[in-house]
Structure formats: C-alpha cells, structure tokens
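Working notes for the structure below.
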Amino acid sequence: MKYIVTIVFLMISAVPLKAQKNVPDKILAHAKGQLEIMLTNVKGIIDTANPTLVSPRTLENDKLKVVNSRDWTSGFFPGSLWYLYELSGNKKWKAEAQKFTSYIEREKTNNNNHDLGFKVYCSFGNGYRLTKDTSYKAVIIQSAKSLVTRFNPKTGVIRSWDHNRDKWVNPVIIDNMMNLELLFEATRLTGDSSFHKIAVSHANTTMKNHFRPDFSSYHVIDYNPETGTVLKKNTHQGYGHESAWARGQAWGLYGYTLCYRYTKDVSYLHLAEKVAGFILTHPNMPEDLVPYWDFNAPNIPNEPRDASAAAVIASALYELNSYSAKKNTFVIKANKILYSLSNKYISPLGEAKGFLLLHSTGSKPSNSEVDVPLSYADYYYLEAVLRMKKLKAGKRLF
Ligand code: GLY
C-alpha cells in the first residue's frame, strides 16, 4: 500500500488539483484488485437461476454478508461497479455492473420504505447516466412514482419508515435527503414537475425541523400525519436524541448539496456550508477527519470510527466546493479525508473479501456492524475519487 500512501500524500499538500497526478489511478489499481476478489466471492453465493441474495453488504464474523434487493444497501455494489467502469473505461466492469444492476429492478414497485433512492439511483441511476439505456430510464421513473406514494401533503414530507409504529407514526430520517436525487432526476427525465415539487417540499420541511441552532441534525423527526406538527425529535442509530450521529450529519451535508445542484436555491447551499462547518470544526473531529460514529459518543477517543461517514462527507465536499464562494476550503478537506481513507482505512490488497475500506460503523446502539467494512463506504469512496479525478482534469462534476 506504500504507493497509495505516498501518492495520496502529494494530493493533500498540493491543493491545485492539476498538480495531483495519478492519484486516482493508484487508488484505481487497488479498487480493481479488490472488486475482482469481491466478484469471485459473491458469484460463489448467488444462485443465478433464482437470484435472491444479490449484493454484498459487510463482513459478519469474517464472512461475507450478501443481502437481497429489498435491503437498503442493495444498490451500492452495482453502483461501485459502475464507478469502476467510469474510472477505468474497461467494458468488463460495465458488463458486471449491468448484471448486478438487473438484480435490483424488482425494487421499482416496492414502496415499503423510503430507500428507493439508495437502491435504484445508485444502481440504475448511474447505469442510465453512463449508458442512456432507455430500459434503465423506465426503472428510474417507476421507482420515483413508487417513492412519492409515501409523500403526505399534510406533513410536507416523505415518510421514511413503517416499522416501530409503537414509537413513531410518521418518522422522517435525515438519511431521506439522499433519496431526493431520484425525484429530481425523474422530473428531468419526464418533464413532470410533481416529483421535483415533492423533493423541494421534503427538503424545506426537513430544513425547518431537523436542524439545531449549531447546524447539527436530529436523526428521526416524527410528524403528526394529520397536522404536520412535530411530535418527537429522536435518534435511532446515534448515541442520544440530542447527539450528532456522524453518518446523519454526512447525509444532511450531501443531501442539501444535491438539492442546490437541482434547484439553485441558495438557502440549500448556505445550509450545506453550515453543516460542513459543524462537521469540520467540531472539537471531537479527529485530526485525520474520519469521524467517530457519533460526534458526542461518550468515550471519545476510545470509540469506533465511521469511515462510511467520512467517504460521504468527502464526496459531498467536492461537489459543495464547486458551488461555494469559499473557494478551495472544502476541496482541501475532501482531499485530506481521501488521504486518510486511502492510507489508514484501506483494506490491504487481497483481504476483507474484496471490500475497499475497513473501520465503518453501521449501528453502534444495536451493536450491529461496528468497525467493519460496509458497501456504502466503498461506494461513496469511489464516488469521491471520481469527483476528485474530474476536478483535477478541470471537468465539471454535473
Ligand atoms: N440509511 C441507513 C444508515 O445510514 O445506516
């Protein structure tokens, strides 16, 4: 891994992106090697005649955990394959991406929760962006139609979950901001503005109710479905109701940055900048900019990190930098995060069953997926690398 360490070090010290030669190529070599291994492992598990377990999610007791398409993480592995195709230009990865994307199609009519964006946009969305395959476009549109069935005009938001009805009647989680990309794209693809309007309503209502004065966010807001009144401000995966769960902060940052991309509403840009400020200047943010699983976790520094949150933050900061007047502030931080991930959190080649990054945390309160590889850490890591590569080449991200 020495070459990655050395080359990536150059990347943080020299901010002008043009000076950062070959960085993504070195990371790419590692990603190719690891995803080869992952493909071999996954193919040994998938029953191709009846593919039910289709997408690797994590390691459980050192064994690969492969999930079905209903799982919220099912789109990330196909998405990583699309990114590898985009980074490498090698059609082999395109063929694999097509195959693993096809396994997710059945989700297009599943409106049991809000995760359609994660599942379908990371897989079919990237596939459509890169191939313009019209059958992919149809899946994106159908998925958006399914997602908006969860919108309630009385609350102004899309309900995230149907589970835990004893705790919450109309819960909305900050993660839900990520699913708005599917809706904004559906309007672009169809000309039907209703998807866009619902996304804007959700973003505006979330802006009003999810954020604290310091621009950290709650995880779960429960709404009265008849009046839209806020009933509860809770957490599910964070340390406490008033704490700042690291990945939640990352979803908020990424979510409002993408909302600005589609709307050019400066209130979204300003919120994203404030959220970035909260994250990057927090006294409990470690020097390497890979956060602990919760900014208020009780035993910092003896708490697990969350590399997945860091990867989401890095990717979001590259995009935010391209809109923000605070030029280079965010790209320097994104570069530093990529350096840390590529140096201290990367799996040694040939290990971790083919995952790219180690040391993510899924849900610490339920002691689930603590200090493990996670498919979404890898997906957003590759996305961040791709964004860095595009910026280095002087290209626009969108
Ligand atoms: N969206 C679920 C999570 O971030 O764990």
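The values are calculated or read from the model by the stated rules, or taken from the named source; none is laboratory data. Keep in mind the model is a prediction, meaning the values are calculated, not measured. Neighbour counts are summed over all protein chains in view; Cβ atoms, including those assigned to glycine, are modelled from backbone coordinates with ideal geometry. With ligands, DNA and RNA removed, areas are computed over all heavy atoms of the protein, side chains included. Shrake-Rupley method; radii C 1.70, N 1.55, O 1.52, S 1.80 Å.
Quick one: is I104 out of contact with any Cys (no Cβ under 7 Å at 6 or more places or on another chain) and open to solvent by less than 10 Å² (accessible area, probe 1.4 Å)? Spelling it out, I104 is indeed out of contact with any Cys (no Cβ under 7 Å at 6 or more places or on another chain) and open to solvent by less than 10 Å² (accessible area, probe 1.4 Å). No other residue among T257, T206 is within 15 Å of the ligand (Cβ to nearest atom), among the β-branched types (V, I, T) and either surrounded by 24 or more Cβ atoms within 10 Å (Cβ to Cβ) or assigned to a loop (DSSP other than H, G, I, E, B) (or both) apart from T206.
For the stretch 29-86, give me the residue count where each residue is in contact with a helix residue (DSSP H, G or I) (Cβ under 9 Å, 6 or more places away or on another chain) and assigned to a helix (DSSP H, G or I). Count: 25.
I need the full set of residues from the stretch 148-176 which are surrounded by 13 or more Cβ atoms within 10 Å (Cβ to Cβ) and of a type in the set (V, I, T), in order please. Correct list: V148, T155, V157, I158, V169, V172, I173, I174. Tally the residues that are more than 28 Å from S160 (Cα to Cα), within 20 Å of the chain's Cα centre (by Cα) and among the hydrophobic types (A, V, I, L, M, F, W, C), restricting the search to the stretch 73-112. Total satisfying the criteria: 2.
Count of the stretch 177-194 residues, restricted to those that are open to solvent by 10 Å² or more (accessible area, probe 1.4 Å) and of a type outside the set (V, I, T), is 9.
From the list A377, A384, A334, A393, the lone residue that is hydrophobic (A, V, I, L, M, F, W, C), under 26 Å from G125 (Cβ atoms) and modelled with pLDDT under 95 is A393. Just so you know, in the stretch 216-242 the residues that are within 15 Å of the ligand (Cβ to nearest atom) and in a loop (DSSP other than H, G, I, E, B) include one that is most open to solvent (accessible area, probe 1.4 Å), and it is Y239.
In the stretch 178-200, the residues that are modelled with pLDDT under 95 form no Cβ pair under 7 Å with any partner that is open to solvent by 30 Å² or more (accessible area, probe 1.4 Å) and within 16 Å of the ligand (Cβ to nearest atom), whether six or more places apart or across chains. Do we find a residue being within 16 Å of the ligand (Cβ to nearest atom), open to solvent by 50 Å² or more (accessible area, probe 1.4 Å) and more than 26 Å from D378 (Cβ to Cβ) anywhere in the stretch 120-140? Among the residues of the stretch 120-140, not one is within 16 Å of the ligand (Cβ to nearest atom), open to solvent by 50 Å² or more (accessible area, probe 1.4 Å) and more than 26 Å from D378 (Cβ to Cβ), which makes the answer no. Just one of G248, G252 is within 18 Å of E369 (Cα to Cα) and either in contact with a Pro (Cβ under 8 Å, 6 or more places away or on another chain) or crowded, with 24+ Cβ neighbours inside 10 Å (or both); which is it? Result of the check over G248, G252: G248.
So in the stretch 115-163, with the set limited to residues that are in contact with a Phe, Trp or Tyr (Cβ under 8 Å, 6 or more places away or on another chain) and of a type in the set (F, W, Y), which one is nearest to L397 (Cα to Cα)? By that ranking, first place goes to Y128. Could you list, in sequence order, the residues of the stretch 90-125 that are among the basic types (K, R) and in contact (Cβ under 8 Å) with a residue 12 or more places away in the chain? Correct list: K94, R106, K108, K119.
Residues that are of a type in the set (S, T, Y), more than 19 Å from N367 (Cβ to Cβ) and crowded, with 20+ Cβ neighbours inside 10 Å within the stretch 37-79 comprise S55, S69, S74, listed in sequence order. Is there a residue in the stretch 351-362 that is within 16 Å of the ligand (Cβ to nearest atom) and out of contact with any helix residue (DSSP H, G or I) (no Cβ under 9 Å at 6 or more places or on another chain)? No - not one qualifying residue is present in the stretch 351-362. Among the residues that make up the stretch 321-338, is at least one of them out of contact with any Cys (no Cβ under 7 Å at 6 or more places or on another chain) and within 30 Å of G44 (Cβ to Cβ)? Looking for residues that are out of contact with any Cys (no Cβ under 7 Å at 6 or more places or on another chain) and within 30 Å of G44 (Cβ to Cβ), one finds none in the stretch 321-338, hence no.
Based on what the data block shows, is A244 at negative phi, touching a helix residue (DSSP H, G or I) at 6+ places or on another chain (Cβ under 6 Å) and modelled with pLDDT of 95 or more? In short, no. In the set Y376, Y318, Y292, Y381, only one residue is away from the ligand (no atom under 16 Å from the Cβ) and buried (at least 16 other Cβ atoms within 10 Å of the Cβ); that residue is Y318.
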